[in-house]
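Read the figures in this text as sums done on the coordinates, not as results from a lab. Keep in mind that what you see is a predicted model, and the values were worked out from it rather than measured. When we count neighbours, we look across all protein chains shown, and the Cβ atoms used for this are built from the backbone with ideal geometry, even at glycine.
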């Protein structure tokens, strides 16, 4: 399927695979996902694939400037298509189809660049995409959301907990799932654009927290380890491993 789609990108729309390979491989991988989902009921998992991008790099690097073949593959193929999935999330599938159709119409049998795709997207949507392209295409930015700290205080009726969160300041609704000692769970909403913490009251001690639980909504979060926070555990080994993982995440900048 992947090679068939190449008849469009870079066959019909002849971008330069050596200098801007993501316009070939990223677009082809993205369309491949859409075809597989529609024709074969295969559900791609772009947010899961993001974990394979260990070393993000700009998508507009010439092919020979990537640090390794792995860096080339994980950015040009995987990160490239993830960026397109993120654009689709922001504008919707219907508008994404219009943008892709217009891109092909304008540049069939020609040699478009990343700037041409940006211009087409801006013309179709009627908005600027400069900050998005600067972050995710011309730079190596990802969407690493994390749970930084949890503070709990006792009250007359139970407890009040404050969770400190970090990540890109973007308008979106993320789920913070809390699991309590009594086995119950509660989904809290967090908008990174308005605050960096979530405060809630509860009458059972907090056992663990997970930011953006399955099914993942954040497509470009390539570090999922810091989305989990273990507060209490009946299993000492699980608790010890969780805290060790949190420590390594902080030390390595994950």
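Set side by side, the residues 42, 8, 30 differ, and just one is in contact (Cβ under 8 Å) with a residue 12 or more places away in the chain and either in contact with a helix residue (DSSP H, G or I) (Cβ under 6 Å, 6 or more places away or on another chain) or farther than 25 Å from residue 63 by Cβ (or both), which is 30.
Can you give me the ranges of the helices (runs of 4 or more DSSP H) entirely in segment 1-69 with at least 2 residues that are more than 18 Å from the chain's Cα centre (by Cα)?
On the way: elements: 2-5, 22-40, 46-49.
In segment 1-69, 2-5, 22-40 are the helices (runs of 4 or more DSSP H) which contain 2 or more residues that are more than 18 Å from the chain's Cα centre (by Cα).
Of all the residues that make up segment 40-50, how many are over 14 Å from residue 83 (Cα atoms) and surrounded by 14 or more Cβ atoms within 10 Å (Cβ to Cβ)? Talk me through it step by step, then tell me what you get.
Narrowing segment 40-50 to residues over 14 Å from residue 83 (Cα atoms): 40-44.
Applying the additional criterion that residues be surrounded by 14 or more Cβ atoms within 10 Å (Cβ to Cβ) yields 44.
Counting residues in segment 40-50 that are over 14 Å from residue 83 (Cα atoms) and surrounded by 14 or more Cβ atoms within 10 Å (Cβ to Cβ) gives 1.
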